[in-house]
Amino acid sequence: MRHTLPLAPQFYVTAPQPCPYLAGRMERKLFTALQGEQAHELNDTLSKQGFRRSQNVLYRPSCAECSACLSARIRVADFAPSKSQRRADRRNAHLMRRTRAPWATEEQYELFRSYLDDRHADGGMADMDVFEFAAMIEETPIRSRVIEYSTRSEDHERGRELTAVCLTDVLDDGLSMVYSFFDPARRADSLGTYVILDHIRLAAEAGLPYVYLGYWVPGSPKMAYKARFSPLEIYSGGQWVELSDPDAFRADPHPLSNDPIAEQVAQITLPGAAAVRRG
C-alpha cells in the first residue's frame, strides 16, 4: 500500500551551540524534514520565509537572544554590478560553465578539500569526508543542479581544470545557492563574486526574479560580501525588505522581542494553508 506523509510537517528545535559567525553567542535552529511528494512545494514556500535547505532538512535560525542571521536574496531585474564586480566578471569570462545533475565526483571533492583547508580549516565542515560530501551533493529531494566552472589546462591530456562549483536549487521564484567553493589559489580572481554574478545571469535568462544567497550576518566579516550585491533584500520581521544601508542596520533586538518557538511555528505559512504541528 502506498503511504504519503501528512501535509502538515512537524517542526523541531536544535540544542544551543556556539555560533559560527559571531563570537560569544549561541545559535539554535528551527527545522523540519524535507521529503515526500510535497518536498518541492514545501521548499519553495519555506524558502520565501527565510528557510534554507541542507540535504533533506529545511532550517532557519531561531536564537533565543539574537536575530542577526537574515536570509538574503538579490532582486535580479534591478541588479546593477559595481565596478569591482564588472572587473571580476571580465577576469573570469574565459571560464566554461557546465550544469550537471547532483552527482558528486572525486574532482569536486579534491577542490572542496582545498577550499576548506585554506578558507575554513576550523569550520563545521572541516572534517567532512568524501562520503559526507557526496551526501551533501546527492541527497536532495528537489530540483537541484551542480554548476561547475572550469578552464582549459595547459596540459592537454588533463583537458579542463575544475575551478569553482556551486550546488544550486531551482525554486519557483529563483535560484538558491546552497553551497559554493572554488580554487583558493586563485583568490585574486574573485571567483566567489563571479559565481554569484553568473547565477544572476542564469536567473535572468530563466525568468526567475531572485538569487538566494543564504544568510547575511551583520557584524560577521565572513558574510559581509553579500551586502555588496545591490539591491539586496533581507527577510526581517516576517517580510522581505530592501537593505538600504548595511552599516546602519541594527541586528540586536531586545531579548524579550523574540517570539517563543510555538508562536514562530504558528506564523509559518505552509503549502495549501495546512495546519502546523510542533514536535
task: Starting from the Cα-Cα distance between Ala8 and Gln55, subtract it from 0.36 nm times their residue separation and give me the gain in nm to one decimal.
output: 15.0 nm
statement: Under a Gaussian network model of the chain whose springs join Cα atoms within less than 10 Å, the largest fluctuation of Pro221, Pro141, Pro209 belongs to Pro221
- prompt: If you stretched the chain out fully between Glu110 and Ala77, how much longer would it get, using 0.36 nm times the residue separation minus the C-alpha to C-alpha distance?
  reply: 8.3 nm
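Sort the following peptides by mean Cβ neighbour count (other Cβ atoms within 10 Å, averaged over residues), highest first: 24-30, 228-234, 68-74.
Answer by packing, highest mean first, reads 68-74, 228-234, 24-30.
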message: Quick check: from the Cα gyration tensor, does the chain come out rounded (a/c under 1.5), prolate or oblate?
response: prolate
message: Testing the spin-label approximation: label points 7 Å from Cα along Cα→Cβ at Lys222 and Asn258. State their distance in nm.
response: 1.8 nm
message: Need the full-extension length gain, Ala206 to Glu161, defined as separation in residues times 0.36 nm minus the C-alpha distance. One decimal, nm.
response: 13.5 nm
task: For each cysteine in the chain, check whether another cysteine's C-beta sits under 4.7 Å from its C-beta; list those where none does.
output: Cys19, Cys69, Cys166
field: Amide H contacts under 5 Å for Glu161, placed H, 5+ residues apart
entry: Thr151, Arg152, Ser153
message: Only counting other Cβ atoms within 10 Å, I'd like Asp117, Asp89 sorted with the fewest neighbours first.
response: Asp117, Asp89
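Counting other C-beta atoms within 10 Å, which of His199, His94, His40 has the fewest, and how do the rest follow?
Arranged by neighbour count, lowest to highest, His199, His94, His40 become His94, His40, His199.
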message: Through the Karplus equation 6.51 cos²θ - 1.76 cosθ + 1.60, θ set to phi - 60°, convert the phi angles of the range 96-107 into ³J(HN,Hα) values in whole Hz; use x for Gly and Pro.
response: 9, 9, 9, 9, 10, 5, x, 9, 7, 10, 4, 5
- line: Most exposed to least, judged by fewest other Cβ atoms within 10 Å, Thr105, Thr99, Thr168 sort to Thr99, Thr105, Thr168
message: What FRET efficiency comes out for Asp129 versus Ala23 if R0 is 25 angstrom and r is the Cβ-Cβ distance? Round to the nearest 0.05.
response: 0.35
statement: Residue-normalised 222 nm signal for the chain, counting each DSSP H run of n ≥ 4 as -39,500 (n - 2.57), nearest 500 deg cm²/dmol, is -6500 deg cm²/dmol
³J(HN,Hα), Karplus 6.51/-1.76/1.60, whole Hz, each residue of the range 215-227, x for Gly, Pro: 9, 9, 10, x, x, 9, x, 5, 10, 4, 4, 5, 6
- prompt: Please identify the chymotrypsin sites (Phe, Trp or Tyr not before Pro) of the range 1-110 that satisfy two criteria: DSSP loop assignment and at most 11 other Cβ atoms within 10 Å. Which are they?
  reply: Trp103
query: Rounded, prolate or oblate: which fits the range 156-215 when a ≥ b ≥ c are the square roots of the eigenvalues of the alpha-carbon gyration tensor, with rounded for a/c under 1.5 and prolate only if a/b beats b/c?
result: prolate
³J(HN,Hα) computed for each position of the range 190-207 - Karplus, 6.51 cos²θ - 1.76 cosθ + 1.60, integer Hz, glycine/proline x: 6, 5, x, 5, 4, 4, 5, 4, 5, 5, 5, 4, 4, 5, 4, 5, 8, x
task: Place +1 on the Cβ of every Lys and Arg and -1 on the Cβ of every Asp and Glu in the range 74-244, take the dipole about the Cα centre, and give the residue among Pro81, Tyr210, Ala188 whose Cα lies farthest towards its positive end.
output: Pro81
- prompt: Rounded, prolate or oblate: which fits the range 9-78 when a ≥ b ≥ c are the square roots of the eigenvalues of the alpha-carbon gyration tensor, with rounded for a/c under 1.5 and prolate only if a/b beats b/c?
  reply: oblate
- prompt: So which GluC sites (Glu not before Pro) in the range 68-145 pass both tests, a DSSP loop state and at most 10 other Cβ atoms within 10 Å of the Cβ?
  reply: none
- line: Once amide hydrogens are built 1.01 Å from N within the peptide plane, the residues lying 5 or more places from Ser54 or on another chain with amide H under 5 Å from its amide H are Tyr59
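Treating only the Cβ of Lys, Arg, Asp and Glu as charged (+1, +1, -1, -1), what charge dipole size does the chain show about its Cα centre? Round to the nearest 20 debye.
Numbers: 34 positive and 37 negative charges, 112 e Å.
Roughly 540 debye for the chain.
Quick note: the coordinates plus some simple rules give every number you see, no bench work behind them. Bear in mind the structure is a predicted one, so any value in this text is a computation, not a measurement. Note that each Cβ is placed from the backbone with ideal geometry, even for glycine, and that neighbours are counted across all protein chains shown.
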